[in-house]
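Let me begin by presenting the structure, written as structure tokens, before commenting on it.
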Amino acid sequence: MCLFGTGCSQTPSTSINSISEKTPEINSNFALDKLSAQAYSPNKLLEFPADYAIQNGVEKCLEELDKSPAGICLITQEKDNGRTVDFYVRNKKPGFVTVQITPKLTNMVADFKATYNETFAPNTTTKAFTLTTINTSKRNSWTYESNRRPGSMYAKHDDSYIYTLPYEVGTTHIVGQGNNSMITHYGELAYSIDWLMDENTAVMAAREGIVVEVVDSFKTGGPDPSYWNSSNYIVIQHLDGTAAYYGHHQFHGAKVKVGDKVKVGDVLALAGCTGFCSTPHVHFHVERPVSGGMIQTLPTKFKVDIGPDGKIIAEKIVEVLNYTAPGNSPLPRPQDAFDKDSLTRVPDKLEEIVNGIDDPVKASEAFRDYIKNNKDKINKRWKDLNVRAMGGDREAQKELGVVLDHVMNISDDRKFAKIFDLSPYDPETGAGAKMLPAAEEGILIWWQAFTIDY
């Protein structure tokens with residue numbers, strides 16, 4: 001997901017009165033009391049208060065996808081008649097932000113190699129780096145590109161933490177798409193979960209933290225890549241420096257604002273279907289920035305069964321099943337095949353088609369064509385199944401869990417390895433988790449078949 005844009009403003013021309021070296025103490029401006037010191041940069045950085053003015057500095061502030069201020073600004077200060085340029089990062093946010101800056105230089109050199117990536121503490125203005133002219137008798141020039149991600153690249157996720165299901169106690173919701181599935185949960189988003197829920201369902205905090213981002217102005221969505229950057233979302237930063245992303249809530253559905261502290265179970269937003277989606281749901285993942293331009297999603301465990309004394313008696317990484325908050329055992333998965341019209345039989349047919357063609361390219365084309373030719377039938381069956389499940393039909397609910405597992409996540413099945421590259425995803429290189437073009441088109445059509453108009 002892309003999280004920024006650009007904009008410009010000029011800071012007042014005032015003098016720098018003092019500077020101070022970064023200290024290891026926790027920043028007192030941060031709204032949480034016990035923020036992990038591991039989230040701070042190990043590098044020596046020069047920090048100022050967030051509102052500190054840089055003499056003759058030119059400030060460019062980034063924007064969210066919806067063009068609202070992101071709270072992150074880059075300040076450039078030319079000195080010695082432009083022979084040197086100092087770069088500063090102003091982080092007005094209440095949480096850590098990791099920024100990536102890629103300069104394009106002529107007759108200049110930076111005091112770092114290639115691309116600059118660093119994590120900046122909340123509510124600070126920090127000196128990042130300096131550009132210096134190589135040959136002062138020749139003309140120089142510089143421009144740059146920038147990106148940013150919430151959270152700290154030095155964060156270490158607390159793997160012992162057990163998350164709470166992000167919806168109301170006693171209610172049940174189905175996981176529509178789980179971890180490592182090729183519809184959208186692969187690559188950077190490998191460890192992500194989608195819970196299906198009706199419009200206006202309360203989305204709740206799965207872990208305590210502070211609100212660092214809220215995008216709330218998008219109105220539409222659909223199963224088309226053109227909607228990819230049009231999702232409303234909320235980001236909550238945790239004590240360990242990681243951040244949780246809650247996506248797709250409805251237009252003006254946010255119930256929190258940047259800077260709010262939230263506890264487990266606090267209402268964050270009302271569910272919707274903005275951005276790249278086929279049906280109302282909440283997309284959830286926990287992330288750590290690898291750089292200012294890339295994230296790594298992290299495995300998370302949830303409370304799925306709680307004893308009468310309030311103690312957790314079962315915890316797990318959720319799968320494509322029904323889960324009742326705070327943790328009644330998931331509904332049992334049916335073992336027997338359904339009637340001949342069931343969607344659960346379709347993956348077997350696709351496997352037969354793929355395995356019957358030796359050429360991977362032709363196999364992927366046949367895979368796509370079968371899905372395309374049967375899209376309307378799939379959609380009709382899907383709508384009928386949802387109507388019965390939402391109406392309280394227990395058998396339909398159980399069937400829906402299996403359908404979601406074997407239908408919406410077919411692309412992470414090893415039996416389709418001929419047309420899907422299921423090698424492990426490498427966040428540094430981006431290698432792995434790819435598919436042939438026709439297979440990718442087929443998966444997109446497949447997902448479009450699961451659109452329900454409300």
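Looking at the range 160-267, the GluC sites (Glu not before Pro) that sit in a DSSP loop and have at most 14 other Cβ atoms within 10 Å of their own Cβ are 199.
Fewest-first ordering of 249, 283 by other beta carbons within 10 Å of each residue's beta carbon gives 283, 249.
Subtracting the Cα-Cα distance from 0.36 nm times the residue separation, let me have the gained length for residue 172 to residue 66 in nm, one decimal.
34.9 nm
In a fully extended conformation the segment linking residue 266 and residue 135 would gain 41.3 nm over its present Cα-Cα distance, using 0.36 nm per residue.
Determine the alpha carbon to alpha carbon distance for each of 219/349; 67/255; 219/418; 60/255; 219/301 and list only those over 27 Å. Display every interim value, and only then the final one.
Numbers: 219/349 38 Å; 67/255 20 Å; 219/418 39 Å; 60/255 29 Å; 219/301 32 Å.
From the list (219/349; 67/255; 219/418; 60/255; 219/301), the Cα-Cα distance tops 27 Å for 219/349; 219/418; 60/255; 219/301.
Label positions at residue 387 and residue 362, each projected 7 Å from the Cα along the C-beta direction, are separated by 4.2 nm.
Readers should treat all values here as calculations from the given coordinates under stated rules, not as data from a laboratory. Because the structure is a prediction, the values reported are computed rather than measured. Every residue, glycine among them, receives a Cβ derived from its backbone with ideal geometry; neighbour counts consider all protein chains shown.
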